[in-house]
Amino acid sequence: MQHRPGLHSIVQHVPPGGTLHLDIHNLIRWLHEAAVHGPNDKKQRSILRFQNRYDYKRFLREWSKEVPRHPKLKKIREMRIIHALSCPMPASELPARLSNLFALEADPRITVHASVRKPAQDRGIPWGIQQIKAPAAWRTTTGHRVKIGVIDTGVDFNHPDLQHSLARGINLITRSMLPHDDNGHGTHIAGTIAAANRLHGMIGVAPRAIVHPVKAFDYNGSAYVSDIILGIDWCVRNRMDLINMSFGMKTRSQALLTAVTNAYNAGVIIVASSGNDGKRQSVDYPARFPQTVAVGATTRNRRIAPFSNRGAKIDIYAPGDKIISSWLNGRYNEMSGTSMATSHVAGAIALLLAKHPGLSPAEIKAILKRATQPIRGSKNARSTKAPRAGELDVVRMLHAADK
């Protein structure tokens, strides 16, 4: 690896009009140079997707031989669910002749959808869980053994309300460690979904479901898109029933869409938050993708929360304003955001799947949408042609699934 190969060197020489063939060894050399020198901004990353699955498999075979000899290559992460790599380099225009081999796009940062309000005391069954009528369903379903991947900041494994609700999960930031939460957001989400401490703490929507924390977000609540894709990949490979994604971004990522689509096709339902910008016709990604369940937030009086994005692309609303749930160090916190609404919907789907295992993502989404409570203040929807989504109602949802 004495000189730096150019992008053109990663294809084998072919006559004009001939078929391009990938030179795996030169590609690895090029990636090594990118890892060694990197961009001036150390946080800049790009996603390089292989257009041909066979090329990707060939690459991984050679890659596995080179990594032990060149530690810098560990900066480059493979994302098998989309046949891609995350690389420490800025996204630039690929030469046209390489477009049949690769697609290159930015690997931007993405943030969680919530704002901390204030510390709080637990109150048994929080108001949002009462409002969606989850307690009325617990005689017939508690979400028993449904596996929920929560791609977030991790979780507080020592929280008394979560002791019986957690599996090991994975830490994508530090692979050798458990996905411990150093932010609080993931612990809050996990509590609303599956807290189970009837005597001394709070109860979540599906108290016998199992949360598998997938730590992709750092202590600031920030992650690369590639971290999210790695999280989705882990959830699919480990047979999660559903994935909670309480985060979003404004720009569309083809790589993220591909990962979401592959999860959907594998039978994994993804619940995603719409965003907290208070926009009337705008939803963040990945909630904007049709393969997800896009969730907006409501208040205690069944109105759309002022901060919630809304519009025709929302599939369902759920409580998201001033939600009390578990927090770090065994405590509780009140938070607001479409993140909090999403965790109510994820818990409800766990209740549904425990009673009706095997429902497809499309069937789950259809059941949710046709079994809602009307939102108050419908005058805000007059400017849209599509009917407004309603608020989650667990009892109606289960009745709709029984028909």
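Any read-out appearing in this document is the output of simple, stated calculations on the displayed coordinates, not a laboratory observation. These figures come from a predicted structure and were not determined experimentally. Every residue, glycine among them, receives a Cβ derived from its backbone with ideal geometry; neighbour counts consider all protein chains shown.
Where is the GNM fluctuation largest for the chain (alpha-carbon springs, 10 angstrom cutoff): H164, H113, H70? Of H164, H113, H70, the Gaussian network model singles out H70 as fluctuating most. Net charge of the neighbourhood of D233, taken over other residues with C-beta under 13 Å away and scored Lys/Arg +1, Asp/Glu -1, is +2. Taking 0.36 nm per residue of separation and subtracting the Cα-Cα distance, full extension of the segment from F157 to A266 would add 36.3 nm.
If the chain linking L199 and Q44 were pulled fully straight, counting 0.36 nm for each residue of separation and taking away their Cα-Cα distance, it would gain 51.0 nm. Of the cross-linked pairs K74/K250; K215/K355; K322/K369, those separated by over 27 Å at the C-alpha level are K74/K250; K215/K355. Residues S222, S325 in ascending order of nearby Cβ atoms (within 10 Å, fewest first): S222, S325.
Taking 0.36 nm per residue of separation and subtracting the Cα-Cα distance, full extension of the segment from R58 to K250 would add 65.7 nm. Taking the Cβ of D277 as the centre, find all other residues whose Cβ is under 11 Å away and add up their charges (Lys, Arg: +1; Asp, Glu: -1). Spelling it out: positives minus negatives among the neighbours equals +3.
Per-residue 3J(HN,Hα) values for the range 301-308, derived from phi via the Karplus relation 6.51 cos²θ - 1.76 cosθ + 1.60 with θ = phi - 60°, read 9, 6, 10, 5, 4, x, 7, 6 Hz in sequence order (x marks Gly and Pro). Test of understanding: in a Gaussian network model of the chain with alpha carbons linked when under 10 Å, which of I324, I229, I24 would top the mean-square fluctuation ranking? Looking only at I324, I229, I24, the biggest GNM fluctuation is shown by I24.
Approximating the spin labels as points 7 Å out from Cα along Cα→Cβ, the H164-to-R109 distance works out to 4.0 nm. Calculated FRET efficiency, K65 to K279, Cβ-Cβ distance, R0 = 60 Å: about 0.75 to the nearest 0.05. Peptides 139-147, 56-64 ranked from most to least packed by the mean count of surrounding Cβ atoms within 10 Å: 139-147, 56-64.
Only Lys, Arg, Asp and Glu carry charge here, each on its Cβ (+1 for the first two, -1 for the last two); on that basis the chain has a dipole of about 800 debye about its Cα centre. A crude spin-label estimate for the pair V36 and N301, with each label 7 Å from Cα along the Cβ direction, gives 6.6 nm.
From least to most packed, judged by other beta carbons within 10 angstrom and beginning with the fewest, L392, L398, L199, L257 follow the order L199, L257, L398, L392.
Averaged over residues, the count of other Cβ atoms within 10 Å places the peptides 124-133, 284-293 in the sequence 284-293, 124-133, highest first. With a cut-off of 16 Å on the backbone N, the residues of the range 125-169 near the modelled label site 7 Å out from D218 along Cα-Cβ are 152-154. For the chain, taking Cα atoms only, Rg and Dmax work out to 22.3, 75 Å respectively.
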